[in-house]
Structure formats: C-alpha cells, structure tokens
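The values are calculated or read from the model by the stated rules, or taken from the named source; none is laboratory data. None of these values were measured; they are calculated from a predicted model. Every residue, glycine as well, gets a Cβ built from its backbone with ideal geometry; the counts of neighbours run over all protein chains shown.
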Amino acid sequence: MNFTALNQTDDCFHYTCPDRSLSTAVYVLLYMSLTSVILVTVCGNLLIIISVCHFKQLHTPTNMLILSMAVSDFLIGVFVMPPALLQLIESCWIFTNIFCAWYLLTAYVLTSVSIYNVALIAVDRYFALSNPFLYTKTVSVSIMCIVVLCDWSIWLSYNIALQYPNLNSLGRAVCSRGCFHVLNDAWSLVDLLLSFVFPLSVIIILYTLVFFIAKKHATAIRELNSHTRTQTSKNMSDSMKSERKAAKVLGILVSVFVACLLPYFLYSVLGNVIEIDEESLHKYLMLLYLNSAINPVIYALFYPWFRRSVKVILTLQIFSTDSTLIHIL
C-alpha cells in the first residue's frame with residue numbers, strides 16, 4: 001500500500017512541531033476523541049474475535065474471513081491508530097525513525113490484508129450464492145484458514161520486500177514533520193494496482209453479480225412459497241433468505257469499506273499531479289483507519305448473533321461450563 005510522501009530534504013529532521021495555538025480545552029477534547037475512537041476499535045473488534053473463536057456455532061468458513069478482518073482491524077487500533085492520530089493532532093512525527101519504519105510496515109501490512117479480506121469475502125459470498133451445493137462440499141473451515149494464512153503471509157512478504165531497499169535511506173525518506181514511505185513512480189503504480197485497483201475491481205464485479213443472484217433467489221422463494229408449503233420447501237426458503245441477508249449485510253460492509261478507502265487512493269493518484277497538502281493527507285489516512293472502528297458497529301446493527309454473543313460475554317456467561325455450545329444463531 002503506497003502512502004504518498006511529501007517533498008522532503010535531508011535536513012528536515014531539525015523540523016519542530018508547529019505552534020497550533022490551540023487552547024488546553026481543545027487539546028483535551030481532541031485527545032478524548034482520540035482515546036474514544038481507539039477504544040471503540042480495539043474493544044469492538046476484540047468482541048468479534050472472542051465471539052467467533054469461542055462459540056462453535058460461529059465456526060463457519062465465512063466467519064473465518066470475518067475473524068481475519070477483525071484481527072487486522074484490532075491490530076490497526078492497537079498499533080497504527082494511536083501514532084496516526086497523534087500525528088494528525090500534533091502535525092508532526094514525535095517518535096523515532098526506527099519506530100516510523102516499524103509503524104509503516106505494520107500499517108501497510110494490516111491495511112493490505114484488510115482490503116484483501118473484503119475481496120475474499122466477496123469471492124466467498126459469490127461462490128456460496130452461485131454454487132451453494134458445491135460450496136458446501138468444497139469449502140471448509142480448515143481450507144478457509146489456509147486461505148487466510150496465505151493472505152497474511154503474502155502481504156507480509158510483499159511489504160517487507162517493498163520497504164527493505166528504503167531502510168538504508170530512511171533518513172532521506174522520512175521527515176520528522178510526518179512519517180511517510182517514498183516510492184518511485186513505477187513502484188507507486190504497481191503498488192496502487194495490487195493494493196487497491198485489483199481488489200476493488202473484484203469486489204465491485206462480484207457484488208454486482210451477487211445482487212443479480214439475490215434477485216433471482218427472491219423470485220424463486222416467492223414462487224416456491226406460492227406453489228408448496230412442505231417442510232423441504234420451507235428449509236430451502238429459509239436457507240435462501242439467510243444467504244441473501246448475509247450478502248446484503250456484507251454488501252453494506254463492503255460499501256462502507258470502499259467509501260473509507262476511496263478518498264485516500266484518489267488523493268494518492270492526484271498527488272502526482274497537484275500539490276499535496278500534508279494536513280489533508282493525514283485526514284484521508286485517518287478516514288481509512290476509521291473503517292476499523294466502523295466495522296464492529298455494522299456487526300452490532302445487522303448481525304443478531306453478534307449482539308447475542310456480546311451479551312453472553314459481558315454477562316460473564318462465557319466462563320460457564322459448555323459455554324462454547326450456547327445457542328447463538
């Protein structure tokens with residue numbers, strides 16, 4: 001993932017944080033807001049992680065992708081959002097260059113994994129809706145776990161290779177006024193295509209197909225209900241409705257995700273043509289990271305199983321005997 005850098009000079013490490021002339025009350029409000037966003041991100045995603053890992057009913061292939069997304073969002077809340085929000089408020093990088101390199105690698109890997117988690121969810125939903133019987137036979141929890149591990153391994157390796165040549169020139173690539181990664185034009189284009197254009201294309205195409213499949217299923221359900229009321233037809237109807245609802249909720253998840261990512265990547269592309277404003281770049285980056293805080297809210301609003309599991313966790317029923325078998329769905 002390419003975080004477009006500003007024009008910088010070798011002696012920029014002597015740069016000091018600008019005087020924002022903000023009152024103490026404003027600073028307190030900003031830092032309270034910062035803490036609230038981080039807590040929502042960390043706690044919300046931690047509840048998703050505990051829910052999917054603990055309750056056996058939630059051990060499904062799709063939920064393994066949701067778990068992977070929650071883990072990446074949780075780590076973004078722990079390791080990426082605090083320094084990013086501090087950089088936004090203080091308008092400069094207050095940490096060391098070594099920490100900057102570690103922060104960039106972490107941010108790149110986690111955001112890339114998140115993007116491809118959404119793309120994999122789109123592939124999963126399309127496969128489940130277009131070939132439900134084949135999906136049930138071929139896609140298992142263990143197979144999906146292997147897919148998730150491959151996703152994390154590939155993007156960890158890619159970003160280490162991408163940043164390694166720049167570590168020796170860290171002093172020239174990173175300025176204390178901000179922590180950014182400098183890529184040449186060729187690598188910027190490759191990274192943009194791999195990190196955003198390709199997965200976004202997959203997401204849009206597959207969810208368009210999912211929409212049309214869901215419409216066909218809705219028609220089939222109406223026809224089935226009008227002709228027969230047998231138990232078999234009822235089970236098939238319930239299964240189709242469940243798949244359509246899952247596709248709808250995940251469609252909302254994807255739409256919010258794209259809305260959070262698109263401004264930064266558009267700005268990244270336009271940054272090669274127009275002059276980049278540092279403060280605006282920070283804001284677009286924070287919008288990208290804030291998606292990690294929004295996801296648990298979407299689950300709470302649209303997934304009854306998440307609300308039930310949170311209730312069990314917060315009431316400490318999770319520590320009771322055989323709590324893994326509690327009916328959640």
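For L325, the test of being at pLDDT 85 or above, surrounded by fewer than 16 Cβ atoms within 10 Å (Cβ to Cβ) and more than 15 Å from the chain's Cα centre (by Cα) is failed.
Inside the stretch 46-58, residues that are crowded, with 16+ Cβ neighbours inside 10 Å, closer than 20 Å to L120 by Cβ and not aliphatic (A, V, I, L, M) make up a count of 1. Residue count for the stretch 193-226, restricted to those that are among the aliphatic types (A, V, I, L, M) and either modelled with pLDDT under 80 or more than 30 Å from L162 (Cβ to Cβ) (or both): 8. Against the criterion of being crowded, with 19+ Cβ neighbours inside 10 Å, modelled with pLDDT of 85 or more and either in a helix (DSSP H, G or I) or not aromatic (F, W, Y) (or both), D124 qualifies. When you scan the stretch 69-90, do you find a residue that is over 23 Å from M32 (Cα atoms), among the β-branched types (V, I, T) and crowded, with 20+ Cβ neighbours inside 10 Å, even just one? Within the stretch 69-90, one or more residues are over 23 Å from M32 (Cα atoms), among the β-branched types (V, I, T) and crowded, with 20+ Cβ neighbours inside 10 Å.
Among residues that are outside any helix (DSSP H, G or I) and surrounded by 17 or more Cβ atoms within 10 Å (Cβ to Cβ), W93 is included.
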